[in-house]
Amino acid sequence: MKKEIIHATQVTKIYGIGTSHPYTALHDVSLLMYEGEFVCVMGPSGAGKSTFINNLSTIDIPTKGTVYIQGEEVRQMSPKQMGEFRYKNLGFIFQEFNLLDSLTIFENIAVPLTLANMNHEEITQRVHDVSRKLDIEATLHKYPSECSGGQRQRVAIARALVTHPKVIVADEPTGNLDSKNSHEILSLFKQLNETEGVSILMVTHDPKIASYSSKLLYIKDGMIDSEIKREGLSQKEYFYKIVDLNSNESQELFE
Ligand SMILES: Nc1ncnc2c1ncn2[C@@H]1O[C@H](COP(=O)(O)OP(=O)(O)OP(=O)(O)O)[C@@H](O)[C@H]1O
Ligand SMILES: [Mg+2]
């Protein structure tokens, strides 16, 4: 039987409650995502994509609506339970990387393992394994300010993968990478998805990247405007459908 991984019902997010200008960034959005699914989120800038994935993954708490992750209701968790739950289940890649400038790349990648009190040998082993996969071994002794944007992005990805998460939540994880590196990252994600059943919820602006997913959600004005499934389509056919969906949007600019 398919196992539910994220079940969000009628999620609304209002920013600035209690101020003179509250803003509803998500309106009554629902999603049922099963284990092993790879869901991509697209849509115009400011449409609510980051708000959507943050509210569905414990990073933020919705104003209204419920979110269950692996059968646990997020709102019911204590801060301590939430911390443990994130460590055991979720790997985050943020739009702005969120690396710590005062730590080396090695230490940045090791942060989640250090917080979980893993022993030093295993930490070293894991950090080296994931760095090799992401081709950043040569940067391990450096600080974030001494790395390129693309390297920092790969470090943020390494930090998300080092805990072996069951769900990867990623906000434009390839926004700073060239096409060769983007392709390599997506191949790595796809491999984790297909061979280890890792579920992925990912925002991207790039139809080529989105064509690796099994389902695409198009968000507009804080709502899910449309949805496409890859099922039965080749990656190329799926890609063209995604391009079409996005170009309908750009078309409006010229009308
Ligand atoms: N903390 C906040 N307070 C008030 N408004 C916010 C806040 N965060 C986001 N918003 C607003 O909510 C809307 C959705 O923002 P969000 O960051 O989710 O967009 P996005 O689709 O991820 O855009 P982008 O593609 O540019 O990253 C935007 O209009 C934004 O201005
Ligand atoms: Mg965003």
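The values are calculated or read from the model by the stated rules, or taken from the named source; none is laboratory data. From a predicted model like this one, the values you see are computed outputs, not experimental measurements. Here the Cβ positions follow ideal geometry from the backbone for every residue, glycine too, while neighbour counts run over all protein chains shown. Areas reflect the complete protein model, heavy atoms only, side chains present, ligands, DNA and RNA absent. Shrake-Rupley method; radii C 1.70, N 1.55, O 1.52, S 1.80 Å.
Tell me, please, whether a residue that is touching a residue at least 24 places away in the same chain (Cβ under 8 Å) and closer than 29 Å to Lys190 by Cα can be found in the stretch 13-25.
Scanning the stretch 13-25, I find no residue that is touching a residue at least 24 places away in the same chain (Cβ under 8 Å) and closer than 29 Å to Lys190 by Cα, so the answer is no.
If I filter the stretch 107-122 down to residues being more than 27 Å from Gly36 (Cβ to Cβ) and buried (at least 19 other Cβ atoms within 10 Å of the Cβ), which single residue comes out as farthest from ligand 2 (Cβ to nearest atom)?
That would be Ala110.
Is there a residue being of a type outside the set (Asp, Glu), away from ligand 1 (no atom under 11 Å from the Cβ) and either in a strand (DSSP E or B) or surrounded by fewer than 19 Cβ atoms within 10 Å (Cβ to Cβ) (or both) anywhere in the stretch 44-52?
No.
Is there any pair linking a residue in the stretch 37-65 that is within 22 Å of Lys88 (Cα to Cα) to one that is assigned to a loop (DSSP other than H, G, I, E, B) and open to solvent by less than 10 Å² (accessible area, probe 1.4 Å), with Cβ under 7 Å and at least six apart or on different chains, and which?
These pairs meet every condition: Phe38/Ser213; Val39/Ser213.
Being of a type in the set (Lys, Arg), within 15 Å of ligand 2 (Cβ to nearest atom) and in contact with a Lys or Arg (Cβ under 9 Å, 6 or more places away or on another chain): is that true of Lys13 here?
The answer is yes for Lys13.
Among Asp244, Asp178, Asp225, which is the only one that is of a type in the set (D, E, K, R), out of contact with any Asp or Glu (no Cβ under 6 Å at 6 or more places or on another chain) and within 16 Å of ligand 1 (Cβ to nearest atom)?
Just one listed residue meets the conditions, Asp225.
Of the residues in the stretch 53-75, how many are aliphatic (A, V, I, L, M), within 14 Å of the chain's Cα centre (by Cα) and open to solvent by less than 40 Å² (accessible area, probe 1.4 Å)?
Of the residues in that region, 2 qualify.
Go through the residues of the stretch 84-96 one by one and say whether even a single one is within 12 Å of ligand 2 (Cβ to nearest atom) and free of Cβ contacts under 8 Å to residues at least 12 places away in the same chain.
For the stretch 84-96, residues within 12 Å of ligand 2 (Cβ to nearest atom) and free of Cβ contacts under 8 Å to residues at least 12 places away in the same chain: present.
Taking Ile5 as the residue in question, decide whether it is of a type outside the set (D, E, K, R), in contact (Cβ under 8 Å) with a residue 60 or more places away in the chain and open to solvent by less than 50 Å² (accessible area, probe 1.4 Å).
So Ile5 passes the test.
Filter the stretch 117-150 down to the residues that are in contact (Cβ under 8 Å) with a residue 40 or more places away in the chain and either among the hydroxyl-bearing types (Ser, Thr, Tyr) or under 15 Å from Leu103 (Cβ atoms) (or both) and list them by number.
Matches in the stretch 117-150: Tyr143, Pro144, Ser145, Cys147.
Modelled with pLDDT under 95, away from ligand 1 (no atom under 16 Å from the Cβ), among the hydroxyl-bearing types (Ser, Thr, Tyr) and surrounded by fewer than 16 Cβ atoms within 10 Å (Cβ to Cβ): which single residue out of Ser78, Ser30 fits that description?
So the residue among Ser78, Ser30 that is modelled with pLDDT under 95, away from ligand 1 (no atom under 16 Å from the Cβ), among the hydroxyl-bearing types (Ser, Thr, Tyr) and surrounded by fewer than 16 Cβ atoms within 10 Å (Cβ to Cβ) is Ser78.
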